[in-house]
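Worksheet: the structure to be examined is printed underneath.
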Amino acid sequence: MQQKGGGLSKMHQDSEPSESTRKSRSWGEAGRALLNPRVISMLFLGFSAGLPLFLIFGTLSVWLTEAGIQKSSVTFFSWAALGYSFKYVWAPLVDRLPIPWLSSRLGRRRGWLVTAQLAVAASMVWMGISDPRDSLTMIGLAAVMLGFSSATQDIVIDAYRIEAVTKDLQAMMSSTYVAGYRIGMLLGGAGALKLASIFAKTDGYDATAWALAYGCMALSMSVGIVTTLLIKEPSRTAPPATGLRTTTDYLRFLALFLLVASTFTAGFVFTASLAQNLKTTLIDDFGVMSRLAGFVVESFRLLCSVALAGLAGWIAILLRAAPAAMLRETYVDPFTDFVRRYGKSALLLLLLIGTYRISDIVLGAVANVFYIEIGFTKDQIAAISKTYGLFMTLFGGFVAGFMALRYGVMRTLFIGAMLSSVTNLLFAYLATASKEEWLLIAVITADNLAGGIATTAFVAYLSSLTSLSFTATQYALFSSIMTLGPKLLAGYSGMVVESVGYPAFFIGTAVIGLPVLVLVTLVGRLEPADAP
């Protein structure tokens with residue numbers, strides 16, 4: 001095997017066999033792999049990971065609207081999403097540092113996981129007992145805590161999933177994880193809204209009903225907590241931080257992280273009014289379109305907050321607020337390890353990671369608006385796109401798991417990318433055809449099956465790229481890169497649709513997915529070939 005700069009053939013430090021050295025599994029063997037206890041456990045851990053998502057976004061928005069909160073105030077809660085976007089910042093702490101007392105009894109992964117899950121449940125209870133009409137700030141803080149603790153749970157589950165089994169089972173682990181995640185999202189979204197409706201004693205706003213609904217969601221987190229207590233700590237795990245020598249070092253490192261995080265938050269919060277004034281100036285005085293002005297100002301605001309946090313951290317490091325060796329091992333080594341293992345091919349890999357989901361993310365930004373504008377009702381959208389579509393996504397995920405075991409991850413990755421592009425053409429046809437419910441069902445079936453296959457294969461592939469020395473850090477970075485570019489492009493989807501119309505837009509989303517096929521092919525040639 002090649003060493004530095006040697007391309008993609010450099011494998012994990014535990015010397016797992018490549019796909020070319022494994023025998024192709026039969027369908028029966030693939031089916032038995034689904035019954036592996038570790039694979040089954042990911043269904044329940046995925047459930048606990050997916051449950052909080054809509055409780056921060058969709059469900060919370062309905063609650064605030066029902067409580068009579070102005071839309072301008074609801075944007076305050078977008079800060080809760082920062083935990084998901086920047087989880088790679090504190091992922092190194094999860095990778096390298098122990099949780100006092102718990103880590104010595106449960107292991108480092110399970111110790112972090114049960115801590116995060118308890119924090120998620122506590123955040124849900126906190127949100128439930130906070131009436132937005134009495135204290136909007138209090139429920140906002142609870143939402144931020146829920147976002148932070150939920151993102152932390154994601155970091156640990158991703159690390160556990162990668163370390164718990166060998167590479168050939170990663171696709172099956174991914175399929176059950178994605179299935180559980182989608183079920184958790186369904187309960188946190190439609191389930192929580194239904195419970196709030198059942199508990200409500202009046203037709204108007206009922207704070208008690210929302211408190212009970214969020215309390216039930218907190219109780220549902222017991223699924224993940226019990227699973228964490230029952231599973232075993234993975235035998236292959238990242239080594240502890242050697243730069244950490246004393247409890248004082250540990251506390252100094254945490255203090256540095258909290259300083260940087262609080263500086264970023266303060267910078268972002270206190271520039272809100274300035275950002276709003278700047279948007280108004282760009283729109284009114286310079287004639288900039290509102291979407292573009294918002295994107296430019298918010299991006300600048302974000303970059304300024306990051307720069308301010310970096311400055312605070314740099315000053316603290318100069319003052320020796322934390323051990324230098326520990327900082328290098330925690331934040332620098334994961335990146336140098338990735339470049340060392342993959343050499344010049346690292347850039348090609350990052351390009352694939354940043355573009356693989358581009359077709360479906362850009363299309364998804366306007367999907368619901370499209371359904372409504374062509375004449376489908378909210379009930380039809382909820383029943384077909386959300387509920388039925390969920391089961392098609394789950395089915396696609398399991399299909400991907402079997403395909404990856406039978407034919408290899410790279411081939412499944414290529415098929416998923418191709419289907420994601422091709423199925424977008426069906427939306428172009430739907431935009432010009434007569435409004436027929438069976439046609440919507442057909443399009444949703446194809447799109448969600450393709451999405452399930454592509455997502456599961458891609459999660460499995462990202463898992464294979466991580467080093468066991470920096471599992472949580474590297475995967476958190478990959479998952480952030482995965483959505484950054486596509487989401488930025490998705491912000492312009494509305495303007496493009498207004499300019500060219502839906503048919504041309506959907507054809508365009510299919511076309512921008514074609515370069516991904518070339519990237520998958522190139523990466524596949526640099527790796528040992530998949531098993532036949």
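The values are calculated or read from the model by the stated rules, or taken from the named source; none is laboratory data. As the structure is a computational prediction, the values presented were derived from the model and not from experiment. Methodologically, a virtual Cβ is constructed for each residue, glycine included, from the backbone with ideal geometry; neighbour enumeration extends over all protein chains shown.
Would you check if there is a residue in region 171-186 being assigned to a helix (DSSP H, G or I) and free of Cβ contacts under 8 Å to residues at least 40 places away in the same chain?
So the first thing to find is which residues in region 171-186 are assigned to a helix (DSSP H, G or I), and the list is 171-186.
The next check asks that each one be free of Cβ contacts under 8 Å to residues at least 40 places away in the same chain; those that pass are none.
Among the residues of region 171-186, not one is assigned to a helix (DSSP H, G or I) and free of Cβ contacts under 8 Å to residues at least 40 places away in the same chain, which makes the answer no.
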Residue that is farthest from the chain's Cα centre (by Cα) [pool: residues in region 270-298 that are surrounded by fewer than 16 Cβ atoms within 10 Å (Cβ to Cβ), closer than 28 Å to residue 485 by Cβ and at pLDDT 75 or above]: 274
Verdict on residue 407 being among the hydroxyl-bearing types (Ser, Thr, Tyr), closer than 21 Å to residue 459 by Cβ and out of contact with any helix residue (DSSP H, G or I) (no Cβ under 6 Å at 6 or more places or on another chain): yes
Pick from region 82-125, criterion in contact with a Ser or Thr (Cβ under 9 Å, 6 or more places away or on another chain) and in a loop (DSSP other than H, G, I, E, B), ranking: surrounded by the most Cβ atoms within 10 Å (Cβ to Cβ): 90
Test for residue 400: is it closer than 30 Å to residue 524 by Cβ and of a type in the set (A, V, I, L, M): yes
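Confirm whether residue 361 is under 23 Å from residue 510 (Cβ atoms) and either at pLDDT 85 or above or under 24 Å from the mean Cα position of the chain (by Cα) (or both).
Details: under 23 Å from residue 510 (Cβ atoms): yes; either at pLDDT 85 or above or under 24 Å from the mean Cα position of the chain (by Cα) (or both): yes.
Considered against the rule, which asks whether it is under 23 Å from residue 510 (Cβ atoms) and either at pLDDT 85 or above or under 24 Å from the mean Cα position of the chain (by Cα) (or both), residue 361 comes out as yes.
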Scan of region 42-67 for residues that are free of Cβ contacts under 8 Å to residues at least 24 places away in the same chain and either crowded, with 23+ Cβ neighbours inside 10 Å or β-branched (Val, Ile, Thr) (or both), ordered by number: 65
Set 346, 307: member being buried (at least 17 other Cβ atoms within 10 Å of the Cβ) and of a type in the set (A, V, I, L, M, F, W, C): 346
Test result for residue 336, under 22 Å from the mean Cα position of the chain (by Cα) and surrounded by fewer than 20 Cβ atoms within 10 Å (Cβ to Cβ): no
Unique match (being surrounded by 20 or more Cβ atoms within 10 Å (Cβ to Cβ) and touching a Leu at 6+ places or on another chain (Cβ under 8 Å)) among 214, 181: 214
Answer residue from region 392-448, given it is more than 26 Å from the chain's Cα centre (by Cα) and among the β-branched types (Val, Ile, Thr) and is farthest from residue 353 (Cα to Cα) among those: 432
The listed residue being modelled with pLDDT of 85 or more and either within 30 Å of residue 97 (Cβ to Cβ) or of a type in the set (A, V, I, L, M, F, W, C) (or both), out of 235, 222: 222
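With respect to residue 375, is the statement that it is surrounded by fewer than 18 Cβ atoms within 10 Å (Cβ to Cβ) and either at pLDDT 85 or above or not in a helix (DSSP H, G or I) (or both) true? Spell out the reasoning first.
On the way: surrounded by fewer than 18 Cβ atoms within 10 Å (Cβ to Cβ): yes; either at pLDDT 85 or above or not in a helix (DSSP H, G or I) (or both): yes.
Criteria met by residue 375.
Taking the stated definitions as given, is residue 402 buried (at least 18 other Cβ atoms within 10 Å of the Cβ) and closer than 25 Å to residue 190 by Cβ? So that I can check it myself, show each step before the final result.
Numbers: buried (at least 18 other Cβ atoms within 10 Å of the Cβ): yes; closer than 25 Å to residue 190 by Cβ: no.
No: the conditions fail for residue 402.
Please verify whether residue 399 is in a helix (DSSP H, G or I), touching a Ser or Thr at 6+ places or on another chain (Cβ under 7 Å) and either over 26 Å from residue 500 (Cβ atoms) or not small (Gly, Ala, Ser) (or both), treating the condition exactly as stated. Lay out the reasoning, then the answer.
Values: in a helix (DSSP H, G or I): yes; touching a Ser or Thr at 6+ places or on another chain (Cβ under 7 Å): no; either over 26 Å from residue 500 (Cβ atoms) or not small (Gly, Ala, Ser) (or both): yes.
The answer is no for residue 399.
Taking the conditions exactly as written (in a helix (DSSP H, G or I), modelled with pLDDT of 85 or more and of a type in the set (Asp, Glu)), does residue 154 satisfy them or not?
Working: in a helix (DSSP H, G or I): yes; modelled with pLDDT of 85 or more: yes; of a type in the set (Asp, Glu): yes.
When the stated conditions are applied, residue 154 passes them.
Of the residues that make up region 131-139, is at least one acidic (Asp, Glu) and either out of contact with any helix residue (DSSP H, G or I) (no Cβ under 7 Å at 6 or more places or on another chain) or not assigned by TED's automatic domain parsing to the domain that holds residue 228 (or both)?
For region 131-139, residues acidic (Asp, Glu) and either out of contact with any helix residue (DSSP H, G or I) (no Cβ under 7 Å at 6 or more places or on another chain) or not assigned by TED's automatic domain parsing to the domain that holds residue 228 (or both): present.
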Positions within region 144-178 being surrounded by 24 or more Cβ atoms within 10 Å (Cβ to Cβ) and hydroxyl-bearing (Ser, Thr, Tyr), in sequence order: 150, 152, 160, 174, 175, 176, 177
